[in-house]
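The next block holds one structure in the form of structure tokens; read it before the comments.
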Amino acid sequence: NLYRRLSGLRRESELEALKIEVKDRFGPAGQEVENLFALMSLRILLKEMAIHRLDVGGDSITLTFSQNAKIDPDYMVRMVHAKDREFRLIGEYKLQIRTGPVSLPADLPKIRKAIEELRRGSSGRAAA
């Protein structure tokens with residue numbers, strides 16, 4: 001079943017292959033399917049970075065990291081100090097990012113961009 005296959009994806013390349021298969025089988029995807037693909041792409045990114053949980057609400061997102069998160073803690077602290085109105089550490093494993101008003105699924109690209117900023121600063125870095 002497609003939902004089971006979607007939930008088991010580990011890489012963006014696997015998602016791209018499934019998108020092609022869905023298009024071949026069912027024709028062009030509607031907006032709901034595109035939204036699902038965007039959500040699954042975000043889920044893959046979160047898994048790659050070992051982010052355990054993403055909470056969306058109001059004007060911010062909150063990331064909960066696993067103990068082996070692939071985020072450079074020094075970079076994260078520098079970001080919090082440099083952009084203290086945008087980033088806030090909440091405990092040892094949580095980071096709140098103020099994104100402005102968030103509406104799903106329309107703001108999935110905005111959420112992805114905020115998370116990718118963390119990845120860029122931590123590229124090639126394993127968890128500390």
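Tally up the residues in the range 51-83 that are under 23 Å from GLY100 (Cβ atoms), within 18 Å of the chain's Cα centre (by Cα) and of a type in the set (Gly, Ala, Ser), please.
Here the count works out to 3.
Report yes if VAL80 is more than 24 Å from LEU9 (Cβ to Cβ) and either modelled with pLDDT of 90 or more or touching a strand residue (DSSP E or B) at 6+ places or on another chain (Cβ under 7 Å) (or both), otherwise no.
On the way: more than 24 Å from LEU9 (Cβ to Cβ): yes; either modelled with pLDDT of 90 or more or touching a strand residue (DSSP E or B) at 6+ places or on another chain (Cβ under 7 Å) (or both): yes.
Criteria met by VAL80.
Any chance you could count how many residues in the range 22-39 are acidic (Asp, Glu) and either in contact (Cβ under 8 Å) with a residue 12 or more places away in the chain or surrounded by 12 or more Cβ atoms within 10 Å (Cβ to Cβ) (or both)? It would help to see each step written out before you state the result.
Filtering the range 22-39 down to residues acidic (Asp, Glu) leaves 24, 32, 34.
Those left that are additionally either in contact (Cβ under 8 Å) with a residue 12 or more places away in the chain or surrounded by 12 or more Cβ atoms within 10 Å (Cβ to Cβ) (or both): 34.
Summing the residues that are acidic (Asp, Glu) and either in contact (Cβ under 8 Å) with a residue 12 or more places away in the chain or surrounded by 12 or more Cβ atoms within 10 Å (Cβ to Cβ) (or both) in the range 22-39 gives 1.
When you scan the range 50-69, do you find a residue that is closer than 19 Å to ILE111 by Cα, charged (D, E, K, R) and assigned to a strand (DSSP E or B), even just one?
There is at least one residue in the range 50-69 that is closer than 19 Å to ILE111 by Cα, charged (D, E, K, R) and assigned to a strand (DSSP E or B).
When the residues of the range 67-119 are narrowed to those that are in contact (Cβ under 8 Å) with a residue 40 or more places away in the chain and among the small types (Gly, Ala, Ser), which ends up farthest from SER41 (Cα to Cα)?
That would be GLY100.
Taking the range 84-102 as the search range and keeping residues that are open to solvent by 60 Å² or more (accessible area, probe 1.4 Å) and closer than 19 Å to ARG120 by Cβ, which one is nearest to the chain's Cα centre (by Cα)?
The qualifying residue nearest to the chain's Cα centre (by Cα) is ARG98.
Please determine, by comparing only the residues of the range 2-21 that are open to solvent by 50 Å² or more (accessible area, probe 1.4 Å) and small (Gly, Ala, Ser), which one is farthest from VAL102 (Cα to Cα).
Out of the qualifying residues, it is ALA17.
Would you check which residues across the range 70-82 are open to solvent by 80 Å² or more (accessible area, probe 1.4 Å) and assigned to a loop (DSSP other than H, G, I, E, B) and list them?
Residue satisfying the conditions is LYS70 alone.
Table: residues versus (1) more than 26 Å from ASN35 (Cβ to Cβ); (2) basic (Lys, Arg); (3) out of contact with any Phe, Trp or Tyr (no Cβ under 7 Å at 6 or more places or on another chain).
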position: GLN67; (1), (2), (3): yes, no, yes
position: ILE71; (1), (2), (3): yes, no, no
position: MET76; (1), (2), (3): yes, no, yes
position: MET79; (1), (2), (3): yes, no, no
position: LEU89; (1), (2), (3): yes, no, yes
position: SER103; (1), (2), (3): no, no, yes
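The values are calculated or read from the model by the stated rules, or taken from the named source; none is laboratory data. This structure is a prediction, so every number in the text was calculated from the model and none was measured. Note that we place each Cβ from the backbone using ideal geometry, even for glycine, and neighbour counts take in every protein chain shown. Please note that ligands, DNA and RNA were not included when accessible areas were found on the heavy atoms of the full protein model with its side chains. Shrake-Rupley method; radii C 1.70, N 1.55, O 1.52, S 1.80 Å.
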